[in-house]
1. When you scan the stretch 185-249 for helices (runs of 4 or more DSSP H) that lie fully inside it, which ones turn up with 3 or more residues that are over 19 Å from Pro136 (Cβ atoms) and open to solvent by 20 Å² or more (accessible area, probe 1.4 Å)?
2. Quick one: in the stretch 144-184, which of the residues that are modelled with pLDDT under 95 and closer than 20 Å to Asp259 by Cβ is least open to solvent (accessible area, probe 1.4 Å)?
3. Mind checking which residues of the stretch 34-46 are in contact (Cβ under 8 Å) with a residue 40 or more places away in the chain and either open to solvent by less than 30 Å² (accessible area, probe 1.4 Å) or under 22 Å from Val210 (Cβ atoms) (or both)?
4. Can you list residue pairs whose Cβ atoms sit under 7 Å apart, with the first residue in the stretch 77-90 being touching a residue at least 24 places away in the same chain (Cβ under 8 Å) and the second being among the polar types (S, T, N, Q) and surrounded by 13 or more Cβ atoms within 10 Å (Cβ to Cβ)? Count only pairs 6 or more apart in sequence or on different chains.
5. Can you pull out every residue in the stretch 214-237 that is of a type outside the set (Val, Ile, Thr) and without any contact (Cβ under 8 Å) to a residue 60 or more places away in the chain?
6. Would a scan of the stretch 237-258 turn up a residue that is among the acidic types (Asp, Glu) and closer than 12 Å to Ile135 by Cα?
7. Which members of the stretch 47-75 meet the condition of being within 13 Å of Val151 (Cβ to Cβ) and open to solvent by less than 60 Å² (accessible area, probe 1.4 Å)?
8. Taking Trp264, is it in contact with a Leu (Cβ under 9 Å, 6 or more places away or on another chain), of a type in the set (Phe, Trp, Tyr) and open to solvent by 10 Å² or more (accessible area, probe 1.4 Å)?
Amino acid sequence: MTSLLRMLNGIERAETAAGVPLVSGTFPAGEHDRVWRALRAEHPRTGLWPVLGWTAGEAAKGTYDWCRQQQGPDRLAALHDVDPAERMALITRSKLEWTLHGDPDDPQLKAWQQEYRAEFDAARVAEAIGPLTEIPPGIRRQTGGYPPTEVLLVPAAAGHEVLALVPGLMAIMNNWNGGPSHPDLHYADHVFVLRHWEKTWGAELYHPGVDNLELAVTRPPRDPLAAATCAIEQSSYCDDLEQILGDVYVVARRQAPADHWSFWWD
């Protein structure tokens, strides 16, 4: 631990409302990717997951706005009872339901609905985007305070665990609309989605910023059908991607195959 912290300045320690110990440090501007990757490489030895953009004090303070039953190791254990792939499928299905709502007798709406259905059909999206001949660089969302100069270290086995152990790093997305199957995007959905993407694509928590999120991706999909499937999931989880990137076809070409993903909720 001592050698780990030598690369950091401004060491700070705190504890969440549920008793999870946190430590953070600072580093020079522009060093965020190097620092994150160095600390991530040490994770198998230290058990500390690096999260950019937070100090220990800020992260711990946010947990006191949450019920203690909704955070910490016990909450994490309960969330592991949910199949993350099933929750991702539910979120996608619910977003399609919401997209297709309206008067079924409206001829213009019917035409739009045909286009909407195509955007949720991985085979049709894959056919539209064609072969992925170039690997995109990925999108890094430029928000206030970016790039970060702080890194938080959390005792967690993976990035999705951090979001459960330290709630408040991400927000409840009240502006997300779903259909009857799953009308709202709950905080726990961030945990489920990230856990699903960790297993499927090697997507790892990099920089959560309350209403924005960055992931480092070790196994991004590179064939059209897999990229299309991934893009449909991403666009369902974060429909504000259309403001950052574009429709699902653009997401499939420019973000899904990249090794860095960004999300933002307006």
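1. Those helices (runs of 4 or more DSSP H) span 187-201.
2. Pro148
3. Within the stretch 34-46, Val35, Trp36, Leu39, Arg40 qualify.
4. Leu90/Ser181
5. Leu215, Arg219, Pro220, Pro221, Ala226, Cys230, Gln234 - these are the residues of the stretch 214-237 that are of a type outside the set (Val, Ile, Thr) and without any contact (Cβ under 8 Å) to a residue 60 or more places away in the chain.
6. no
7. Scanning the stretch 47-75 gives Leu48, Trp49, Pro50, Val51, Leu52, Gly53, Trp54, Thr55, Ala56, Ala59.
8. yes
The values are calculated or read from the model by the stated rules, or taken from the named source; none is laboratory data. This is a predicted model, so every value here is computed, not measured. Cβ coordinates were reconstructed from backbone atoms using ideal geometry, including for glycine residues, and neighbour counts include every protein chain displayed. To get the accessible areas, we keep the full protein, side chains included, count just its heavy atoms, and leave off ligands, DNA and RNA. Shrake-Rupley method; radii C 1.70, N 1.55, O 1.52, S 1.80 Å.
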